[in-house]
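Below is one structure, written out as structure tokens; comments come after it.
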Amino acid sequence: MPLQLTDFTILMVEDDPNDILLTQRAFMLASLVNPLRVVRDGEEAINYLGGRDAYVDRTRYPLPSLVLLDLKLPRKSGLEVLEFLRAQPSLKQTPVIVLTSSQESSDIQRAYMLGANSYLLKPVGFDGLLEMVKAIGMYWVILNQGPDRALANSGRASGLHAPPSSSSRAP
């Protein structure tokens with residue numbers, strides 16, 4: 001059976017309820033059908049990614065094919081989450097887009113040093129967010145070929161494209 005775009009979960013790590021709601025709305029308006037899972041702090045993100053506590057069931061809480069990561073989070077920072085993610089062999093290649101309001105040079109440098117694939121500033125208005133979500137969807141979900149989709153599709157011709165590889169840098 002060919003892979004479907006709904007097989008590729010996106011994990012959003014964000015503590016601001018307004019940002020969560022607006023991003024969910026932008027996903028809907030951009031017609032992104034990928035499941036969007038949301039966790040609201042750094043510790044919850046690590047538990048989700050590590051399959052701990054409430055997130056043990058990978059059928060209900062599948063590993064993400066893409067992570068949208070805020071930096072300024074309660075309990076553990078986004079940078080701590082990124083460091084954890086890159087230290088896990090099964091998660092090392094998971095693409096991470098830092099989506100934050102921080103323009104601090106030290107945050108940008110540290111995020112890339114820890115293995116972020118992209119660093120995007122949160123747009124101020126909804127129209128900007130919608131355009132950003134469309135660009136993320138086009139590049140990371142549709143166009144980019146990643147190792148997990150290449151492996152899953154080996155030997156099969158499919159019109160679907162993979163989530164990205166961690167070596168890719170884009171929107």
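The values are calculated or read from the model by the stated rules, or taken from the named source; none is laboratory data. Predicted, not measured: the structure shown is a model, and the values here were computed from it. Positions of Cβ are backbone-derived with ideal geometry, glycine not excepted, and every protein chain shown enters the neighbour counts. Only protein heavy atoms, including side chains, enter the accessible area calculation; ligands, DNA and RNA are left aside. Shrake-Rupley method; radii C 1.70, N 1.55, O 1.52, S 1.80 Å.
Which order do peptides 99-111, 50-62 fall in by mean Cβ count within 10 Å, highest first? Display every interim value, and only then the final one.
On the way: 99-111: 15.4, 50-62: 11.9.
The densest-packed peptide leads the list: 99-111, 50-62.
If the cut-off is 23 Å between C-alpha atoms, which lysines fall inside it for residue 134, apart from same-chain ones fewer than 8 positions away?
Counting by Cα, and skipping residues close in sequence, residue 134 has these lysines nearby: 122.
For the stretch 51-114, what does the accessible surface come to per residue with a 1.4 Å probe? Please give it in Å². Present the calculation step by step, with values, prior to reporting the outcome.
Working: 3370 Å² over 64 residues.
The answer is 53 Å² per residue.
Given a Förster radius of 25 Å and the C-beta distance between residue 87 and residue 60 as r, what FRET efficiency does 1/(1 + (r/R0)^6) yield to the nearest 0.05?
Values: r = 24 Å, r/R0 = 0.97.
For residue 87 and residue 60, the calculated efficiency is 0.55.
For a quick protection proxy, order the peptides 23-30, 41-48, 73-80 by their average other-Cβ count within 10 Å, most packed first. Could you put the intermediate results ahead of the total?
Numbers: 23-30: 17.2, 41-48: 21.4, 73-80: 18.8.
Those peptides, ordered most packed to least, come out 41-48, 73-80, 23-30.
In the stretch 1-73, what percent of the accessible surface is made up of carbon and sulfur (1.4 Å probe, ligands and nucleic acids excluded)? Don't skip to the end; give the middle numbers.
On the way: 1820 of 3520 Å².
On the stretch 1-73, the fraction of accessible area on carbon and sulfur atoms equals 52 percent.
Hey, could you grab the Kirkwood Rh for the stretch 1-124? Inverse mean 1/r over distinct alpha carbon pairs, Å, one decimal.
Numbers: mean 1/r = 0.0680 Å⁻¹.
For the stretch 1-124, the Kirkwood estimate is 14.7 Å.
Among the aspartates and glutamates, which fall within straight-line cross-link reach of residue 76, defined as a Cα-Cα distance under 19 Å, with same-chain neighbours fewer than 8 residues apart omitted?
Output for residue 76: 14, 15, 16, 19, 41, 43, 44, 53, 104, 107.
Based on the mean of other Cβ atoms within 10 Å per residue, sort peptides 84-91, 117-124 so the most packed one is first.
On the way: 84-91: 14.6, 117-124: 17.0.
The most tightly packed comes first, giving 117-124, 84-91.
Compute the distance in nm between two label points, each set 7 Å from the Cα along the Cα-to-Cβ direction, one at residue 33 and one at residue 16.
In this crude label model, residue 33 to residue 16 measures out at 3.1 nm.
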